[in-house]
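Novice: Before anything else, here's the structure in question.
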Amino acid sequence: MVLQLTTHRFRWHGFAAALLLALTVTLPAGPALADLGSAARLMPSPELVGKGRMTFLGFKVFDAELYAPEGNYSPAAPFALKLTYLRSFKGKQIAESSVKEIRRLGGVSNAQLAKWQAQMEAIFPSVTPGQSITGVRTGSGHAEFYLGNRKLGTITDPAFTKKFFSIWLGGNTRNPQLRAKLVGSGS
């Protein structure tokens, strides 16, 4: 009986080791696929470029992750910016905050800002901690927004796309430390 138990344990451990080896061999080398839900289909081979946390007056606001084809970010090519919120926000607050930052960046009329704000308010949902909104700069210069696998909407104005993503990724961002973590300090 003792001999059979030992043989059984050997077979089980041998099977577990073989399974572990098989899984290790079949796992892809290099960066893991992006966790972007349906947004991942908008770019080839999305890989993480960088990530960081936004804080304001010591409060954690969101975690940001930037994805681009094969991890190579260019503001004129497709990319995705995923914001995972660490606090609750109403969709209207997100839109208002975005307009405030675009206004600070300059070069946009009040009429255009009002139009963009209405579009964002129609798209952005209220979020709770742990929920993510992913904004994608498409190959055609549009901005598409997703909550997990659910498409929230699209703003087709390339000027909006450029200004909106400049809030975090532009050279005149309010948070250059976060930008450096997302795109790299040399960008």
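Just so you know, all these numbers are worked out from the coordinates, no wet-lab data involved. In this text, all values refer to a predicted model and were calculated from it rather than measured experimentally. With ideal geometry, Cβ positions are generated from the backbone for all residues, glycine too; neighbour counts draw on all protein chains shown.
Novice: Quick one: count up the residues across the stretch 125-160 that are within 17 Å of GLU101 (Cβ to Cβ), touching a Ser or Thr at 6+ places or on another chain (Cβ under 8 Å) and touching a residue at least 24 places away in the same chain (Cβ under 8 Å). It would help to see each step written out before you state the result.
Specialist: Going through the stretch 125-160, the residues within 17 Å of GLU101 (Cβ to Cβ) turn out to be 133, 135, 137, 143, 145, 155, 157, 159-160.
In the following step, the residues that additionally are touching a Ser or Thr at 6+ places or on another chain (Cβ under 8 Å) were identified as 137, 143, 145, 155.
Next cut, touching a residue at least 24 places away in the same chain (Cβ under 8 Å) only: 137, 155.
So the count comes out to 2.
Novice: Looking at GLU121, is it buried (at least 20 other Cβ atoms within 10 Å of the Cβ), at negative phi and touching a Lys or Arg at 6+ places or on another chain (Cβ under 7 Å)?
Specialist: Details: buried (at least 20 other Cβ atoms within 10 Å of the Cβ): no; at negative phi: yes; touching a Lys or Arg at 6+ places or on another chain (Cβ under 7 Å): yes.
It is false that GLU121 is buried (at least 20 other Cβ atoms within 10 Å of the Cβ), at negative phi and touching a Lys or Arg at 6+ places or on another chain (Cβ under 7 Å).
Novice: A follow-up question, please. I'm told ARG87 meets every condition in (1) touching a helix residue (DSSP H, G or I) at 6+ places or on another chain (Cβ under 9 Å); (2) surrounded by fewer than 17 Cβ atoms within 10 Å (Cβ to Cβ); (3) among the charged types (D, E, K, R) except one. Can you identify the failing condition by its number?
Specialist: ARG87 satisfies all of (1) touching a helix residue (DSSP H, G or I) at 6+ places or on another chain (Cβ under 9 Å); (2) surrounded by fewer than 17 Cβ atoms within 10 Å (Cβ to Cβ); (3) among the charged types (D, E, K, R) except (1).
Novice: Out of the residues in the stretch 128-187 that are within 17 Å of GLY107 (Cβ to Cβ) and of a type in the set (S, T, N, Q), state the one that is surrounded by the most Cβ atoms within 10 Å (Cβ to Cβ).
Specialist: THR161
Novice: Consider the stretch 161-187. How many of its residues are farther than 17 Å from ILE102 by Cβ and small (Gly, Ala, Ser)?
Specialist: Residues that pass the stated criteria total 5.
Novice: Restricting the first residue to the stretch 41-67 and requiring it to be without any contact (Cβ under 8 Å) to a residue 12 or more places away in the chain, which pairs with a second residue that is surrounded by fewer than 18 Cβ atoms within 10 Å (Cβ to Cβ) meet a Cβ separation below 7 Å and a spacing of at least six or different chains?
Specialist: From the stretch 41-67, the pairs are THR55/VAL61.
Novice: Looking only at the stretch 80-112, count every residue that is of a type in the set (S, T, N, Q) and under 17 Å from the mean Cα position of the chain (by Cα) and tell me the total.
Specialist: If we filter the stretch 80-112 for residues that are of a type in the set (S, T, N, Q), which is where we start, we get 84, 88, 93, 97-98, 109-110, 112.
Of the ones still in play, those that are also under 17 Å from the mean Cα position of the chain (by Cα) are 84, 98.
Of the residues in the stretch 80-112, 2 are of a type in the set (S, T, N, Q) and under 17 Å from the mean Cα position of the chain (by Cα).
Novice: Okay, next question. Please work out if LYS82 is under 20 Å from ARG174 (Cα atoms), of a type in the set (D, E, K, R) and crowded, with 19+ Cβ neighbours inside 10 Å.
Specialist: Numbers: under 20 Å from ARG174 (Cα atoms): yes; of a type in the set (D, E, K, R): yes; crowded, with 19+ Cβ neighbours inside 10 Å: yes.
Yes: the conditions hold for LYS82.
Novice: Here is a further query. Just wondering, is there one or more residues in the stretch 163-185 that are in contact (Cβ under 8 Å) with a residue 24 or more places away in the chain and assigned to a strand (DSSP E or B)?
Specialist: Checked the stretch 163-185: no residue is in contact (Cβ under 8 Å) with a residue 24 or more places away in the chain and assigned to a strand (DSSP E or B).
Novice: Out of LYS115, LYS151, which single residue is over 15 Å from the mean Cα position of the chain (by Cα) and farther than 18 Å from SER88 by Cβ? Break it down stepwise before answering.
Specialist: Values: LYS151 fails: over 15 Å from the mean Cα position of the chain (by Cα).
Matching residue, one of LYS115, LYS151: LYS115.
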